[in-house]
Amino acid sequence: MPAALIFDIDGTFAETEELHRLAFNQTFSAFGLHWHWDRPLYRKLLAVAGGKERLAHYVTNYVPQDAGRVDIAALHAAKTSRYAEMVAEGSLCLRPGIARLLGEAERLKIPVAIATTTSLPNVETLLQATLGGEVIEVFAVIGAGDMVSAKKPAPDVYSYVLDRLGCEGRDCIAFEDSYNGLSAARGAGIPTVVTPSYYTDTEDFDGALAVLSDLGEPGAPYRHFAGIGDDDRMVTIETLARWREHHA
Ligand code: XBP
Ligand code: MG
């Protein structure tokens with residue numbers, strides 16, 4: 001059995017990035033900034049993980065003339081509130097297989113954790129809106145946002161989570177959707193299942209344990225893109241145990 005399952009949030013738990021983009025753009029308008037992040041631009045900007053870091057990168061490289069008149073921290077705080085409002089309104093749903101696998105892990109008493117770049121309030125609101133109730137208690141550890149100084153692709157958030165779980169990376173499984181996330185998890189020595197998302201589908205996932213369209217549901221199998229795969233086409237704890245052993 002895997003010692004723990006560690007999940008990314010944005011793109012992996014749910015297709016969140018369009019909502020993040022919307023929240024950024026609405027915040028720019030509210031602050032009287034004539035900036036607009038369309039989809040092609042946002043795809044490029046996602047190379048920089050972390051909303052504050054992405055904003056700073058944008059200012060330096062795209063609108064340096066505005067550098068003196070923006071407060072990145074204030075802008076990002078407003079964006080976080082706007083995003084949380086939209087998530088709480090129920091704008092997102094979990095990707096296939098996530099709730100099923102969390103339920104299975106809970107029944108088998110396998111710890112589950114989160115390792116994400118996004119801010120903690122965003123994680124809490126998303127979990128509340130999609131899984132409801134006291135679900136936050138289900139997670140043994142949540143590593144999020146500024147809890148570590150170096151964001152993905154640095155392995156720090158995964159190392160932080162492993163430390164608190166008291167587990168070795170090689171005994172766990174990580175779930176990611178992006179090149180940055182895969183690099184971070186692999187950097188911490190964790191075999192990683194990648195389910196590419198809307199903005200990451202063309203990225204390089206070399207070194208992933210498996211690359212799949214999603215985790216699959218009964219009657220709605222995943223599509224296998226690369227790495228290890230199975231005939232049953234649904235990722236269960238038993239599948240993961242087998243894949244991890246094969247990988248070791
Ligand atoms: C997610 C991110 C985040 C979100 C925005 O990356 O990079 O920055 O885009 O959230 P990952 P914040 O899925 O690899 O963790 O604005 O709260 O940073
Ligand atoms: Mg992600």
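The values are calculated or read from the model by the stated rules, or taken from the named source; none is laboratory data. It should be emphasised that the depicted structure is a prediction, and the values quoted were computed from it without experimental measurement. Every residue, glycine as well, gets a Cβ built from its backbone with ideal geometry; the counts of neighbours run over all protein chains shown. Only protein heavy atoms, including side chains, enter the accessible area calculation; ligands, DNA and RNA are left aside. Shrake-Rupley method; radii C 1.70, N 1.55, O 1.52, S 1.80 Å.
Data for the structure
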quantity: The chain: radius of gyration over Cα atoms, expressed as a fraction of 2.2 N^0.38 Å; calculated: 1.00
quantity: Neighbour-limited loop hits for GluC sites (Glu not before Pro), segment 71-115 (at most 13 other Cβ within 10 Å; DSSP other than H, G, I, E, B); calculated: Glu89
quantity: Other-chain or far-sequence residues with amide H under 5 Å of Ile6's (modelled H); calculated: Ala113, Ile173, Ala174, Phe175
quantity: Neighbour cut-off at most 13 other Cβ (10 Å), DSSP loop, GluC sites (Glu not before Pro), segment 146-248; calculated: Glu168
quantity: Difference of contour (0.36 nm per residue) and Cα-Cα distance, Arg170 to His246; calculated: 26.2 nm
quantity: Semi-axis lengths (Å, descending) of the ellipsoid that matches the C-alpha gyration tensor of segment 188-248; calculated: 17, 17, 8
quantity: Cα-based radius of gyration of segment 129-181 once divided by 2.2 N^0.38 Å, which approximates compact folds; calculated: 1.25
quantity: The chain - percent of accessible surface contributed by carbon and sulfur, probe 1.4 Å; calculated: 51 percent
quantity: Where N is the number of residues in segment 1-103, Cα Rg divided by 2.2 N^0.38 Å; calculated: 1.24
quantity: Per residue accessible area in Å² of segment 18-128, where ligands, DNA and RNA are left out and the probe is 1.4 Å; calculated: 46 Å²
quantity: Rg in Å to one decimal, and Dmax rounded to a whole Å, for segment 80-214 via C-alpha atoms; calculated: 14.5, 38
quantity: Within straight-line cross-link reach of Lys44, lysines at Cα separation under 20 Å, skipping those fewer than 8 residues along the same chain; calculated: Lys52, Lys79, Lys151, Lys152
quantity: Top of Thr192, Thr130, Thr116 by mean-square fluctuation, Gaussian network on the chain, Cα under 10 Å; calculated: Thr130
quantity: Value of [θ]222 nm, deg cm²/dmol, for the chain, DSSP H segments ≥ 4, -39500 (n - 2.57) each, nearest 500; calculated: -12500 deg cm²/dmol
quantity: Stokes-Einstein D for segment 63-158, Kirkwood Rh over Cα pairs, 10 °C, 1.306 mPa s (µm²/s); calculated: 104 µm²/s
quantity: Chain lengthening between Val138 and His36 when straightened (0.36 nm per residue, less Cα-Cα); calculated: 32.9 nm
quantity: Column: log10 I(q)/I(0), Debye, Cα scatterers of segment 136-248, q = 0.10, 0.16 Å⁻¹; calculated: -0.29, -0.75
quantity: Within a Gaussian network of the chain (alpha carbon springs, distance under 10 Å), most fluctuating of Leu120, Leu215, Leu108; calculated: Leu108
quantity: Choice from Val112, Val70, Val148 showing the highest fluctuation, given a GNM over the chain with Cα pairs closer than 10 Å; calculated: Val70
